[in-house]
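In what follows, a structure is listed as structure tokens, so that the remarks can point back to it.
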Amino acid sequence: GQQLNQSPQSMFIQEGEDVSMNCTSSSIFNTWLWYKQDPGEGPVLLIALYKAGELTSNGRLTAQFGITRKDSFLNISASIPSDVGIYFCAGRVSGGGADGLTFGKGTHLIIQP
Amino acid sequence: ETGVTQSPTHLIKTRGQQVTLRCSSQSGHNTVSWYQQALGQGPQFIFQYYREEENGRGNFPPRFSGLQFPNYSSELNVNALELDDSALYLCASSLIQGGEQYFGPGTRLTVT
């Protein structure tokens, strides 16, 4: 099935550093979402974006919905150990019929001591 | 408020067998979606249920089927299991159709 192009695949950073990851698609989406998944758990919703150009923050997390509606990025400022995990972007084409999310392959964030 | 719950946590089946996975949606949520997550991949949309009817389907064969009950809980049934069906199966519920989806912890299925 289709998956979004998410990069980087993995990141090794020092605690306190800022993190940036992005997601691109060949298709237009009406909603972009960012989830975090810890081992043995389901994805947890971090940020939802509903409008092209929208910039939304949730604590140390900031995400933007690209103007073309084909991309989005997520920034994490001043990383801390609990930020470790896999981050997924997801897109949705709302309105009529299936409301399923299309996910990227994930960015694995590893924080080095 | 109880979140999305799934059962069982994990199970092992043999190729060719059938399996039923269960999901209880978050309180008040009337829409349930199912996803398959293979190791190292993002979740893939299987189908969605709203008002006890299938409301949309991803690229999965008919041997993947489901049900939604009046209390909005749901089942995923997979017939004629194949080795490639080994994955984490995630259920997500949303307050309304088109609303944000909140995931359960998943059921880890291993097919041998």
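The values are calculated or read from the model by the stated rules, or taken from the named source; none is laboratory data. Please read all numbers here as calculations on a predicted model, not as lab measurements. All Cβ positions, glycine included, derive from the backbone under ideal geometry; neighbour counts span all protein chains shown. Heavy atoms of the whole protein, side chains included, go into the accessibility calculation; ligands, DNA and RNA do not. Shrake-Rupley method; radii C 1.70, N 1.55, O 1.52, S 1.80 Å.
In summary, A:N75 fulfils each of the numbered conditions (1) part of a loop (DSSP other than H, G, I, E, B); (2) in contact (Cβ under 8 Å) with a residue 40 or more places away in the chain; (3) more than 14 Å from every other protein chain (Cβ to nearest Cβ) with the single exception of condition (1).
The residue that is most open to solvent (accessible area, probe 1.4 Å), counting only those in region B:57-86 that are at the interface with chain A (Cβ under 8 Å from one of its Cβ atoms) and in contact with a Phe, Trp or Tyr (Cβ under 7 Å, 6 or more places away or on another chain), is B:R57. Is it the case that region A:12-25 has a residue that's acidic (D, E), open to solvent by 40 Å² or more (accessible area, probe 1.4 Å) and within 27 Å of B:G106 (Cβ to Cβ)? The answer is no; no qualifying residue exists. Residue check: is A:T62 assigned to a strand (DSSP E or B), hydroxyl-bearing (S, T, Y), open to solvent by 10 Å² or more (accessible area, probe 1.4 Å) and more than 25 Å from B:L88 (Cβ to Cβ)? Against the criterion (assigned to a strand (DSSP E or B), hydroxyl-bearing (S, T, Y), open to solvent by 10 Å² or more (accessible area, probe 1.4 Å) and more than 25 Å from B:L88 (Cβ to Cβ)), A:T62 qualifies. Report yes if A:G91 is out of contact with any Gly (no Cβ under 7 Å at 6 or more places or on another chain) and not in a strand (DSSP E or B), otherwise no. No: the conditions fail for A:G91. Of all residues assigned to region B:87-105, none qualifies as being under 18 Å from B:I12 (Cα atoms), exposed (fewer than 15 other Cβ atoms within 10 Å of the Cβ) and either at pLDDT 95 or above or among the hydrophobic types (A, V, I, L, M, F, W, C) (or both).
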